[in-house]
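Chemist: Could you have a look at this structure, given as structure tokens, before my questions?
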Amino acid sequence: MSEQITPYQVPPKTPLAGSAAAEIREQGEISRRNFPVVLTTAWFALAAALGGLGAILGRFLFPNVLFEPVSKFKAGLPADYSVGEVDERWKEKFGIWVVRNEEIMYALITVCTHLGCTPNWLAAQNKFKCPCHGSGYYRTGVNFEGPAPRPLERAKIYIDTSDGQIVIDKGKQFHQERGEWTDPESFLKT
Amino acid sequence: MTFIKDFVDVLSGSSISFLLLTSLFSFLIFFNLLDGRLRSKGGSVFIGFGLLFLISGIFIRPLLYLAIAYLVLMFLLANLGPRVWETRTGLIILVAGGGAFGLSMLDPQFYLIAAKPDNVPIVAMIFLLGFFTWVALRKAYLNDRQLLAGGIPWEKTESDEKLFTCPDLVYTEMLCMIVLTIVMIVWSMALRAPLEEAANPTSSPNPAKAPWYFLGLQEMLVYFDPWLAGVLLPTLIIVGLMAIPYIDTNPRGNGYYSFRERKWELGIFLYGFLVLWSFLIITGTFLRGPNWNFFGPYEYWDPNKLVPLVNIDLSELIWVKALGVALPKIWLIREMFGILFCLAYLGLPPLLAVGPFRRFYQKMGPPRYYVGTFLFLIMMALPIKMVLRWLFNLKYIVHIQEIFFNV
Amino acid sequence: MSRLKQLQQGAVNSQIWKSVFRVGIPNTNRKRVLAVLGSLILHLHPVKVRRSGVRMSYTWCMGGTSFFLFLVETVTGLLLMFYYRPTIEYAFTDIMDLREQAPFGIMREMHRWGAHAMVIAVWLHMFRVFMTGSYKPPREFNWNVGVILLVLTLLLSFTGYLLPWDQLAIWAITVGSNMARASPGAGTEGPMSGLIKLGDIRLIHAGDDARFALLGAKTVGPSTLLRFYVLHCVAIPLGAGFLMAIHFWRVRKDGGISGPL
């Protein structure tokens, strides 16, 4: 045990020369005049950082990829639908009514524009009637009674040229109140 | 018996009972709980309502029924006076209410709806609300009598007396827990939790109802668009509730039951809580059937009931019906009247501040006064829109479809 | 001095008993004080309370009832979680099995009725607090906490409504969540939302509006079930628990169960 040991000592109160604390001392404290500016900047920086964090967390709720069932389907030949009828064969599976009249065919999406219930087609009264809050729509999909604020939406409809079948694409909707029902993709001429 | 059922069915037309309750509460504010006599001002308001119903009743039958019910109630209240708050009267009311309910359960249609497992808690809630409202007002009446005689409220006689938490409070709590546990177990064994068919996104049940505590909001949806009834108004309800302690600066009535010292606060709160919230929930639960149509308590829920819904916008009412011209193309001009009406309605506070509400304005100071009256006006917008709907089939006051802004 | 009494004495004086309950039977005032102070659960209360605060006719016991029902919901909910899988393949059948296959199969009943009862109890609690003017100073803040707790109670019940995945559930949630679609400026159908555009493209659409955040999809579907499950079982109860702690703390700090000043 020949090594010398340095006994531990209570460190002196004043900062040693060359230490970080001493440097700050030398640079001087934040002046009285600067203090409010520094403080405000610091608070703004904190608020901005928290806001950014909040935005990132909020963004987390919206996934980049959505796994949804296919919204595009083949709906047979135009001849399968008779004139003047509201066809309900795709309602269960795809949520679509196909309506055919003398001039055109169109596909209505079976979602009430009020609060998203599924209306029923009442053939006897010639209207779509929503069971939730009593909204009523004409065969054209235009609302006429109850709380619905706007007509039903049409889905994109076109003929597949390879086999002559109707294709209905729910991925694109047409709103009457935006004047989109004149769009050639929103109906089929027959 | 059939006559009574018809009477009740017609009377419970939501518009009707709503008016009944509305007027009843406007009356309660003026009603002097202490001596049971009608105050001159309140009395005339009250009698005015009765006369109005009576005269309209000559033309519209339901209103005649309403007038009868209203006058009977007025007569009872005016004559019973403070005896309403006696335990004996309370028991009689309870027995009468329970009896009426029991008798009604004999009716198959009533039974079908009232005994639905999910509706049982709401039946219980009706009785609990009635009971506790009565209890609170009774205690308020007893305290008011003391205060008027120069005494102190009952709670104050005991407030300096302190008990040990252990055992007094701890044992009360334990007893409550045991009773509640028993209630929960018995209830759970007696009634199955409802489970319907598996979810099917392509067919809506008829009627499709929100959970019962949101049925007041769903009822509001009949009168307002979702952005108002589903988003803005609920937000304002919450904000309004939270604002209460900051708007109400009345230092009296803190920590004891009292009515005289807080007439306006209690009147407005009771109106909002009992009529606009609870009563609408009860309406939505028991009186709204298939297609969200209105059905009286004994009426068969016919899914094919035809109710013509031909509601009309204010713009159409004025431009087409009254002025006989076509609707203007530009929405600002088309909706001019509606927008003016809304602005005038929300512009009422400053006018009221120099008019009938001067007293409140001076007592509360501008910030409290304006926030308070704004919230109050928003609250009253619901019954106002309801009345407009029943009277004129009015759909929207402002209808700007271009930006989905419908009021 | 019967045998029973001896046995009781022996138990109370044993080291095990004394290590748990420091005070023994609270038969003197000193011990009554210490019994409350020395117990984590009892010390939610003050040592002494106003006489009127103990009376059921004054408090209706509704605050305590709400809290107790919250505990009932926690326990029964925990038990339900052992059997329930929040996916659309299993949710409905798991609920069926809970009734048919689980022993003492009333846990779901208790959970559901308890939820209804809790909503009613919270309302009546608010009603009582208003009627006694107990929201007035110094209790303004606690009233606000209470209002938020009321909202959380409703949200708890609402999110739980979807989980059985039956017709009642999805349509109630469809109707309820579609209201979010109408939020001004934040939902596709809301007023002003159509005005938020970048050139010709609407920035607020069914894929990014307020309802989407709630449902995790454009319609009520598998991701909605999962989101509601997590909100129902974890997020909202945690928030409610935190606020309840504040609520109870403030009841004491603001002068105990309310009474006349």
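Chemist: Have a look at A:Gly164, A:Gly134, A:Gly116 and point out the one that is surrounded by fewer than 16 Cβ atoms within 10 Å (Cβ to Cβ) and on the phi > 0 side of the Ramachandran plot.
Modeler: On the way: A:Gly134 fails: surrounded by fewer than 16 Cβ atoms within 10 Å (Cβ to Cβ); A:Gly116 fails: surrounded by fewer than 16 Cβ atoms within 10 Å (Cβ to Cβ).
The match here is A:Gly164.
Chemist: Continuing with this model, one more query. Would you mind telling me which numbered condition in (1) under 30 Å from C:Glu73 (Cβ atoms); (2) part of a helix (DSSP H, G or I) B:Ala208 fails?
Modeler: For B:Ala208, the exception is condition (2).
Chemist: If you scan the stretch A:31-79, which residues turn out to be within 14 Å of chain C (Cβ to nearest Cβ) and either among the acidic types (Asp, Glu) or more than 30 Å from C:Val220 (Cα to Cα) (or both)?
Modeler: Passing the criteria: only A:Glu68.
Chemist: Restricted to the stretch C:235-259, and to residues that are free of Cβ contacts under 8 Å to residues at least 40 places away in the same chain and either among the charged types (D, E, K, R) or within 14 Å of another protein chain (Cβ to nearest Cβ) (or both), which residue is nearest to C:Phe68 (Cα to Cα)?
Modeler: C:Ala235
Chemist: Conditions first: (1) modelled with pLDDT under 80; (2) under 30 Å from B:Ser203 (Cβ atoms); (3) not small (Gly, Ala, Ser). A:Thr113 passes all but one, so which condition is the exception?
Modeler: (1)
Chemist: To continue, here is another question. Mind listing just one residue for me: the one in the stretch A:124-135 that is more than 7 Å from chain B (Cβ to nearest Cβ) and under 16 Å from A:Val99 (Cβ atoms) and, of those, modelled with the lowest pLDDT?
Modeler: If we take residues in the stretch A:124-135 being more than 7 Å from chain B (Cβ to nearest Cβ) and under 16 Å from A:Val99 (Cβ atoms), then A:Gln125 is modelled with the lowest pLDDT.
Chemist: Among what's in the stretch C:74-107 and is assigned to a helix (DSSP H, G or I) and among the charged types (D, E, K, R), pick the residue that is surrounded by the most Cβ atoms within 10 Å (Cβ to Cβ).
Modeler: C:Asp94
Chemist: Across the stretch A:84-94, what is the number of residues that are free of Cβ contacts under 8 Å to residues at least 40 places away in the same chain and not in a helix (DSSP H, G or I)?
Modeler: The first filter runs over the stretch A:84-94 and keeps only residues free of Cβ contacts under 8 Å to residues at least 40 places away in the same chain, leaving A:84-85, A:87-89, A:91-93.
Subsequent filtering for residues that are not in a helix (DSSP H, G or I) retains A:84-85, A:87-89.
Summing the residues that are free of Cβ contacts under 8 Å to residues at least 40 places away in the same chain and not in a helix (DSSP H, G or I) in the stretch A:84-94 gives 5.
Chemist: May I pose another question? Restricting to the stretch B:252-262, count the residues that are at pLDDT 90 or above and surrounded by fewer than 19 Cβ atoms within 10 Å (Cβ to Cβ).
Modeler: 0
Chemist: Continuing with the same structure: Considering each of B:Leu129, B:Leu137, B:Leu112 in turn, give the residue that is more than 10 Å from chain C (Cβ to nearest Cβ) and out of contact with any strand residue (DSSP E or B) (no Cβ under 7 Å at 6 or more places or on another chain).
Modeler: Answer to the selection: B:Leu112.
Chemist: Additional query: Which helices (runs of 4 or more DSSP H) does the stretch B:343-407 wholly contain that include 2 or more residues that are within 14 Å of another protein chain (Cβ to nearest Cβ)? Outline the logic, then answer.
Modeler: Values: elements: B:348-354, B:358-364, B:366-392.
Once the helices (runs of 4 or more DSSP H) in the stretch B:343-407 are filtered for at least 2 residues that are within 14 Å of another protein chain (Cβ to nearest Cβ), what remains is B:366-392.
Chemist: Considering C:Ser177, C:Ser193, C:Ser183, C:Ser134, which residue is of a type in the set (Ser, Thr, Tyr), surrounded by 21 or more Cβ atoms within 10 Å (Cβ to Cβ), touching a residue at least 40 places away in the same chain (Cβ under 8 Å) and within 22 Å of A:Gln173 (Cβ to Cβ)?
Modeler: Every option except C:Ser177 fails the conditions.
Chemist: Can you find a residue in the stretch B:179-199 that is free of Cβ contacts under 8 Å to residues at least 60 places away in the same chain and over 21 Å from B:Asp118 (Cα atoms)?
Modeler: yes
Chemist: Any residue that is farther than 20 Å from C:Leu155 by Cα, aromatic (Phe, Trp, Tyr) and surrounded by 21 or more Cβ atoms within 10 Å (Cβ to Cβ) - is there at least one of those in the stretch B:213-222?
Modeler: For the stretch B:213-222, residues farther than 20 Å from C:Leu155 by Cα, aromatic (Phe, Trp, Tyr) and surrounded by 21 or more Cβ atoms within 10 Å (Cβ to Cβ): absent.
Chemist: Does the stretch C:41-63 hold any residues that are more than 12 Å from the chain's Cα centre (by Cα), of a type outside the set (S, T, N, Q) and in a helix (DSSP H, G or I), and which are they?
Modeler: Matches in the stretch C:41-63: C:Leu42, C:His43, C:Leu44, C:Arg51, C:Gly53, C:Val54, C:Met56, C:Tyr58, C:Met62.
Chemist: Scan B:Leu52, B:Leu11, B:Leu33, B:Leu63 and give me the residue that is modelled with pLDDT of 70 or more, over 26 Å from B:Tyr298 (Cα atoms), surrounded by 15 or more Cβ atoms within 10 Å (Cβ to Cβ) and under 22 Å from the mean Cα position of the chain (by Cα).
Modeler: Just a single option satisfies the conditions, and that option is B:Leu52.
Chemist: On to the next question. Every residue in the stretch B:166-200 that is within 14 Å of chain A (Cβ to nearest Cβ) and crowded, with 18+ Cβ neighbours inside 10 Å, please.
Modeler: B:Ala199
Chemist: Right, next: Say whether the condition of being charged (D, E, K, R) and modelled with pLDDT under 85 is met by at least one residue in the stretch B:337-360.
Modeler: No; the residues of the stretch B:337-360 include none that is charged (D, E, K, R) and modelled with pLDDT under 85.
Chemist: Looking at the stretch C:88-124, which of the residues that are of a type outside the set (A, V, I, L, M, F, W, C) and in contact with a helix residue (DSSP H, G or I) (Cβ under 7 Å, 6 or more places away or on another chain) is farthest from the other protein chains (Cβ to nearest Cβ)?
Modeler: Top of the filtered list is C:Gly105.
Chemist: From the list A:Glu92, A:Glu102, which residue is within 12 Å of chain B (Cβ to nearest Cβ) and out of contact with any Cys (no Cβ under 7 Å at 6 or more places or on another chain)?
Modeler: It is A:Glu92.
Chemist: Now for a different question. Residues of the stretch C:22-40 being at the interface with chain B (Cβ under 9 Å from one of its Cβ atoms), assigned to a loop (DSSP other than H, G, I, E, B) and either among the aliphatic types (A, V, I, L, M) or within 25 Å of the chain's Cα centre (by Cα) (or both), which ones?
Modeler: C:Ser39
Chemist: Could you grab me the full set of residues in the stretch A:179-190 that are of a type outside the set (A, V, I, L, M, F, W, C), surrounded by 12 or more Cβ atoms within 10 Å (Cβ to Cβ) and in a helix (DSSP H, G or I)?
Modeler: Within the stretch A:179-190, A:Glu180, A:Glu185, A:Ser186 meet the criteria.
Residues are listed down the side, and each one gets a yes or a no for (1) of a type outside the set (A, V, I, L, M); (2) modelled with pLDDT under 90:
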| residue | (1), (2) |
| --- | --- |
| B:Leu38 | no, yes |
| B:Phe46 | yes, yes |
| B:Ile58 | no, yes |
| B:Asn79 | yes, yes |
| B:Pro121 | yes, no |
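Chemist: Do you know which residues across the stretch B:285-308 are within 18 Å of A:Pro147 (Cβ to Cβ), at pLDDT 80 or above and more than 8 Å from chain A (Cβ to nearest Cβ)?
Modeler: Within the stretch B:285-308, B:Leu287, B:Arg288, B:Gly289, B:Phe294 qualify.
Chemist: Continuing with this model, one more query. With respect to B:Leu276, is the statement that it is within 30 Å of C:Ala121 (Cα to Cα) and under 26 Å from the mean Cα position of the chain (by Cα) true?
Modeler: Values: within 30 Å of C:Ala121 (Cα to Cα): yes; under 26 Å from the mean Cα position of the chain (by Cα): yes.
Criteria met by B:Leu276.
Chemist: Restricting attention to the stretch B:86-94, does a residue exist that is acidic (Asp, Glu) and at pLDDT below 75? Walk me through it before giving the result.
Modeler: Here is the first cut: in the stretch B:86-94, the ones acidic (Asp, Glu) are B:86.
If we keep only those that are at pLDDT below 75 too, we end up with none.
No, there is no match, as no residue in the stretch B:86-94 is acidic (Asp, Glu) and at pLDDT below 75.
Chemist: Looking at (1) over 22 Å from A:Pro151 (Cβ atoms); (2) outside any helix (DSSP H, G or I); (3) in contact with a helix residue (DSSP H, G or I) (Cβ under 8 Å, 6 or more places away or on another chain); (4) not β-branched (Val, Ile, Thr), which is the only condition C:Pro191 fails?
Modeler: For C:Pro191, the failing item is (1).
Chemist: Take the conditions at the interface with chain C (Cβ under 7 Å from one of its Cβ atoms), among the hydrophobic types (A, V, I, L, M, F, W, C) and either closer than 14 Å to B:Arg262 by Cα or surrounded by 20 or more Cβ atoms within 10 Å (Cβ to Cβ) (or both) and apply them to B:Leu163. Does it pass?
Modeler: no
The values are calculated or read from the model by the stated rules, or taken from the named source; none is laboratory data. Not measured: the values here are computed from a predicted model. No Cβ is skipped: glycine too gets one built from the backbone with ideal geometry, and neighbour counts run over all protein chains shown.
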